[in-house]
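In what follows, a structure is listed as structure tokens, so that the remarks can point back to it.
The values are calculated or read from the model by the stated rules, or taken from the named source; none is laboratory data. Computed from a predicted model, the values in this text were never measured in an experiment. FYI the Cβ positions are ideal-geometry reconstructions off the backbone, even for glycines, and counts take in every protein chain you see. We work out accessible area using only protein heavy atoms, side chains counted, and drop any ligands, DNA or RNA first. Shrake-Rupley method; radii C 1.70, N 1.55, O 1.52, S 1.80 Å.
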Amino acid sequence: MKMIQLEEALKDHYARRAARAIEAEDTDALARVIPHHVIYEKPGMALEILGRAVNVASCETYR
């Protein structure tokens, strides 16, 4: 698997977990979703994950 595909798969994985935490309104779970090393080493990736999670959560809410 290429590195880009692996990174996209990780983003999707974390975004799905974050979306579930958002839907459950569980701030503790949301705080644990994205690993600390991603936040510190790749803050842009962390923001992209949260953006995807918000999109997923909002789509699930309004279905």
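Quick notes on this structure:
- Report note on the peptides 4-13, 18-27, 40-49: ranked by the mean count of other C-beta atoms within 10 Å, highest first, their order is 18-27, 40-49, 4-13.
- Carbon plus sulfur fraction of accessible area for the chain, probe 1.4 Å, in percent: 58
- Label-zone membership for the range 21-63, site E7, 7 angstrom Cα→C-beta point, backbone N under 14 Å: 38-39, 41-49
- Percent of C-alpha pairs per 5 Å bin, the chain, short to long: 4, 20, 27, 26, 15, 7, 3, 0
- Per residue, the accessible area of the chain comes to 75 Å² when a 1.4 Å probe rolls over the protein heavy atoms.
- Counting 0.36 nm for each residue step from A31 to E48 and taking away their Cα separation leaves a gain of 4.6 nm.
- Helix content alone sets the calculated 222 nm mean residue ellipticity of the chain: runs of n ≥ 4 DSSP H residues at -39500 (n - 2.57) each, divided across all residues, give -27000 deg cm²/dmol.
- Between the helical axis of 3-23 and the longest alpha-carbon principal axis of the chain there is an angle of about 20 degrees.
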